[in-house]
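The values are calculated or read from the model by the stated rules, or taken from the named source; none is laboratory data. Every value quoted in this text rests on a predicted model; they were computed, and no experiment measured them. FYI the Cβ positions are ideal-geometry reconstructions off the backbone, even for glycines, and counts take in every protein chain you see. These area figures cover heavy atoms from the full protein model, side chains too; ligands, DNA and RNA do not enter into them. Shrake-Rupley method; radii C 1.70, N 1.55, O 1.52, S 1.80 Å.
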Amino acid sequence: YELAEEIYARAPDTIVLLSDQPTMFDDVFSLAVADPYVCSLEEVGDLGYHKKYDPDFAVIDRLQRTLRQKGSPLTMTTDEHLNFSSAVPIECLTALASTARLVPFAPAKRLESKEYFAFGQALRNALAETKKRIAIVSAGDLAQTLTEFSPGGFHARGQEYDAAIQTLVTEKNSVGLM
């Protein structure tokens, strides 16, 4: 909850979440537009967890216009359901910052590293143009091999990979990430 406390202290108006979503494409990022977004944990057996989150339509509109104008690979979906990989970080992050609105993105599945980096730069620049306080959160299983239930199964070196990526991100080493 250290990150949740930091987000609470910064009092964001909006949380931009990059994580797997129900609809994902190989060559474009997707921006989900729904009112409200709905999270449940049924896919992992928790039938009692159901939450709703409000969208930030002003930020969504600004982002889709700016990113498309810059030629970023972007499409929009009408997915209202946010899956497990979104529900858990959003629950943790909004436990304290409960009034923050949500803007969920799904990453493209098969772009070159430079294309992901360029999209991130375009996203950051577009968000810098708004007057709102915005938290950008990326959630995911980096190696996707940390447990036997991970998409790639379990691999002992998966944790080493995750640690290396986290170090590169912390050090802002974009060359190392590519």
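Remarks
- Test for Arg65: is it touching a strand residue (DSSP E or B) at 6+ places or on another chain (Cβ under 8 Å), more than 30 Å from Glu42 (Cα to Cα), open to solvent by 70 Å² or more (accessible area, probe 1.4 Å) and not polar (S, T, N, Q): no
- Single residue of region 164-178 satisfying the filter (open to solvent by less than 90 Å² (accessible area, probe 1.4 Å) and aliphatic (A, V, I, L, M)) that is nearest to Ser113 (Cα to Cα): Leu177
- Of all residues in region 74-107 being over 23 Å from Phe119 (Cα atoms) and acidic (Asp, Glu), the one that is least open to solvent (accessible area, probe 1.4 Å): Glu91
- Boolean, Phe57 is touching a strand residue (DSSP E or B) at 6+ places or on another chain (Cβ under 8 Å) and modelled with pLDDT of 90 or more: no
- Only one of Lys114, Lys131 that is without any contact (Cβ under 8 Å) to a residue 24 or more places away in the chain and either hydroxyl-bearing (Ser, Thr, Tyr) or on the phi < 0 side of the Ramachandran plot (or both): Lys131
Condition check ((1) out of contact with any Gly (no Cβ under 6 Å at 6 or more places or on another chain); (2) loosely packed, with under 14 Cβ neighbours inside 10 Å; (3) at pLDDT 85 or above; (4) of a type in the set (S, T, N, Q)) across all residues:
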residue	(1), (2), (3), (4)
Ala143	no, no, no, no
Leu146	no, no, no, no
Pro151	yes, yes, no, no
Phe154	yes, yes, yes, no
Arg157	yes, yes, yes, no
Asp162	yes, no, yes, no
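- Residue satisfying all of: in region 70-84; in a strand (DSSP E or B) and within 23 Å of Pro12 (Cα to Cα); modelled with the lowest pLDDT among these: Leu82
- Residue among Ala87, Ala58, Ala122, Ala118 that is in contact with a Cys (Cβ under 6 Å, 6 or more places away or on another chain) and part of a helix (DSSP H, G or I): Ala87
- Residue within region 23-32 that is modelled with pLDDT of 85 or more, closer than 22 Å to Arg110 by Cβ, open to solvent by 20 Å² or more (accessible area, probe 1.4 Å) and acidic (Asp, Glu) present: yes
Yes or no, residue by residue, for (1) open to solvent by less than 80 Å² (accessible area, probe 1.4 Å); (2) under 10 Å from the mean Cα position of the chain (by Cα):
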| residue | (1), (2) |
| --- | --- |
| Lys109 | no, no |
| Tyr116 | yes, no |
| Ala122 | yes, no |
| Ala139 | yes, yes |
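- When region 34-54 is filtered for residues that are in contact (Cβ under 8 Å) with a residue 12 or more places away in the chain and open to solvent by 40 Å² or more (accessible area, probe 1.4 Å), the ones remaining, listed by number, are Asp35, Glu43, Val44, His50, Lys51, Lys52, Asp54.
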